[in-house]
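The values are calculated or read from the model by the stated rules, or taken from the named source; none is laboratory data. Just so we're clear, the structure is a prediction, and the values are computed from it rather than from any experiment. For neighbour counting, all protein chains shown are included, and Cβ atoms are generated from backbone atoms with ideal geometry for every residue, glycine included.
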Amino acid sequence: MKKLVFIAAAIVALAACTKTDIELNNANVISFSPNALSTKALILPDSDSPEQLAFPTTESFNVFAFADLDGTGSTYETNYVSPLMDDVNISYKNGDWKATTGTYVWPATGTVDFYAYYPESLNATFDDANDPKGLVFSGIELGTTVGSQIDPLVSSTLAQMSSTKPTVGLVFKHITSQIAVTAFDATTTASLQGYITIEKVVFNNMKTSGDYREGTTVGKGQWSNVNTNTNFVSFLGSEVLSTTESYLSAGSFAQAIDNSAAFVIVPVDVINSAAGQSIDVTYSIAEYQANGFLYPATQSQTVTIPLYGKVSNNKFQNGKRYVFHIGISLDGANNEIMFSPKVEGWDTEDITGITVDAVNASLM
């Protein structure tokens, strides 16, 4: 099992002659400049850049690299069979990102293609037989506990000029979907606000394991052999809702940028059946008066919200962060579950049309 992360490619300078008789320039060690798109997930970034964030220096990633020695493409087929870097671990040491073990240097001529992934625990191979060539991962297990999952990332940088000995820039992208949830009191009548307490939010029938094959667009490859239905408890507690929307946290996900109890899942189709994906929202209502009536307290009402028809194209997609905004109302106001506005590092979209009627414990 290996850890995924982008790495700058280089040739191992261990022998005077290699299998492909590549000329080595030992004075030019391959180094990297990795960035992680703002994850709002499991990786805690080193900076607050709104677009790209420095890859955490406490982590490491793995790299495959392949050389085109004459710059024409004629030697790629041979060198894809014998990579310059064959699943090499890259880490931060002495101010540079380079091979954790051994020394890898640029060939004297030509270009190099780099393919990186994170975390190294992934079972990664490189498919050199098919077009497009790319990374393949088998048996990915994201984990089933909020706060203890992995956040797989991939990156590629092609045709890097060895003649100028650049530091290889890598931008990692997510291959999973991420889910977070917010809640608020959507009651429009001011005198009725503050009576709703949210107790539990559960996402049902989410997928957390499978195989992944990279395609022509980084991070947009295909998942297969997807299995394992998991119910994620994204909130469990007692929080009196106000009209101010806030992220719900299970208290076990401190590394999330927004401190939410976010989790990642395998991107799959949303199913229209009893076994399909859904959200269970459990809440209580304190005793209150309205329209001359005294409404008794309601304990632990649960509403189930099917996700079919709510998610765009009825499919969770790679690299998308889905923020479900759950509004609960005592006066029948529309309470929509929708996606957040654009969040750096993830593609997002808006989903509307879900209303929760707290009084009748139903959807409107």
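Could you look through region 122-136, keep only residues that are exposed (fewer than 15 other Cβ atoms within 10 Å of the Cβ) and at pLDDT 95 or above, and pick out the one that is farthest from Thr157 (Cα to Cα)? Among residues in region 122-136 that are exposed (fewer than 15 other Cβ atoms within 10 Å of the Cβ) and at pLDDT 95 or above, the one farthest from Thr157 (Cα to Cα) is Asn123. Note on region 296-314: among residues that are among the small types (Gly, Ala, Ser) and in contact with an Asp or Glu (Cβ under 6 Å, 6 or more places away or on another chain), the one that is modelled with the lowest pLDDT is Ser312. Being of a type in the set (Phe, Trp, Tyr), at pLDDT 90 or above and either touching a strand residue (DSSP E or B) at 6+ places or on another chain (Cβ under 9 Å) or not in a strand (DSSP E or B) (or both): is that true of Phe253 here? No; evaluated as a whole, the condition is false for this residue. Considering Ser234, Ser224, the condition of being surrounded by 15 or more Cβ atoms within 10 Å (Cβ to Cβ), more than 14 Å from Phe316 (Cβ to Cβ) and within 19 Å of the chain's Cα centre (by Cα) is satisfied by Ser234 alone. When Ser191 is tested against the conditions (1) assigned to a strand (DSSP E or B); (2) outside the structural domain of Asp68 (by TED's automatic domain parsing), the lone failure is (1). A single entry from Tyr118, Tyr104 fulfils the requirement of being touching a residue at least 24 places away in the same chain (Cβ under 8 Å), closer than 30 Å to Phe235 by Cα, crowded, with 24+ Cβ neighbours inside 10 Å and not assigned by TED's automatic domain parsing to the domain that holds Tyr283: Tyr118.
Remark: Leu170 falls outside the filter, which requires a residue to be assigned to a strand (DSSP E or B) and touching an Asp or Glu at 6+ places or on another chain (Cβ under 9 Å). Among the residues of region 281-321, those that are among the aliphatic types (A, V, I, L, M) and either more than 20 Å from Gly194 (Cβ to Cβ) or in a strand (DSSP E or B) (or both) comprise Val281, Ile285, Ala290, Leu294, Val303, Ile305, Leu307, Val311. Assess whether Gly147 counts as being modelled with pLDDT under 90 and assigned to a loop (DSSP other than H, G, I, E, B). It is true that Gly147 is modelled with pLDDT under 90 and assigned to a loop (DSSP other than H, G, I, E, B).
In the set (1) under 23 Å from Leu236 (Cα atoms); (2) under 17 Å from the mean Cα position of the chain (by Cα), the condition left unmet by Lys320 is number (1).
Just to be sure, is Asp113 more than 21 Å from the chain's Cα centre (by Cα) and either over 21 Å from Asn35 (Cβ atoms) or surrounded by 15 or more Cβ atoms within 10 Å (Cβ to Cβ) (or both)? It is true that Asp113 is more than 21 Å from the chain's Cα centre (by Cα) and either over 21 Å from Asn35 (Cβ atoms) or surrounded by 15 or more Cβ atoms within 10 Å (Cβ to Cβ) (or both). Has region 173-181 got any residue that is in contact with a His (Cβ under 9 Å, 6 or more places away or on another chain) and not small (Gly, Ala, Ser)? Looking for residues that are in contact with a His (Cβ under 9 Å, 6 or more places away or on another chain) and not small (Gly, Ala, Ser), one finds at least one in region 173-181, hence yes. Every test in (1) surrounded by fewer than 22 Cβ atoms within 10 Å (Cβ to Cβ); (2) of a type outside the set (D, E, K, R); (3) modelled with pLDDT of 90 or more; (4) under 27 Å from Ala36 (Cα atoms) is passed by Ser155 save one, and that test is (1).
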